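Notes to accompany the following structure.
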Amino acid sequence: MTKMGVTAVLLCCLLTTLASADDSYLCVSDMSTGFRYNKALDKWEIANFITDEEKYVVSRSIDKNIAWEVKRIEESSKLAFCKKDFDEYGFLYCESNIIFKMNKLNLRFLKINPNGYYNSSSKNNQDIVLYKDGSSKPYIEIGRCSPVKKSH
């Protein structure tokens, strides 16, 4: 093996070790935009939302059927769960009532709340809708994550 080959193998081992050392991430929102229902006009409108730097923890799950889970900081209930680990491109896909996507290479995340438009209505037919118009606001939120190293 050439000197460059040995260096490449050592570098690969080092990066693998560093990547596996991350057992959780702290993610902080930057911006959020979406839609809100205007009852007076009986229509949906574009809206920007204040995130107040919402904070999330993305951590390995103790449930063997779930690879990772997403929680608001200091809350015990899961916002979303990830059935699979990060893929070969560094992407993580999680869902439940919300969708949470993260890239561990650029440490960015995307959180989507799809509820409140396609599954809502201003009509009183509760057999086919889950939400009354205006009770939930569909939005997309973006932010950045930082790895949290496990303390030994």
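A short reminder: the numbers here are calculations on the coordinates, not readings from a lab. Treat the numbers as computed from the prediction; the structure is a model and nothing was measured.
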Using alpha-carbon positions, the gyration tensor of segment 22-149 gives root eigenvalues a ≥ b ≥ c; with a/c under 1.5 called rounded, otherwise prolate if a/b exceeds b/c, else oblate, the class is prolate
Excluding same-chain residues fewer than 8 positions from Lys84, which aspartates and glutamates have a Cα within less than 18 Å of its Cα? Asp22, Asp23, Asp63, Glu69, Glu95
What is the set of long-range amide H partners of Trp44 at a cut-off below 5 Å, with H atoms built 1.01 Å from backbone N? Asn38
At 0.36 nm per residue, minus the direct Cα-Cα distance, what do Ile46 and Ala67 gain on full extension? Give it in nm, one decimal, please. 4.1 nm
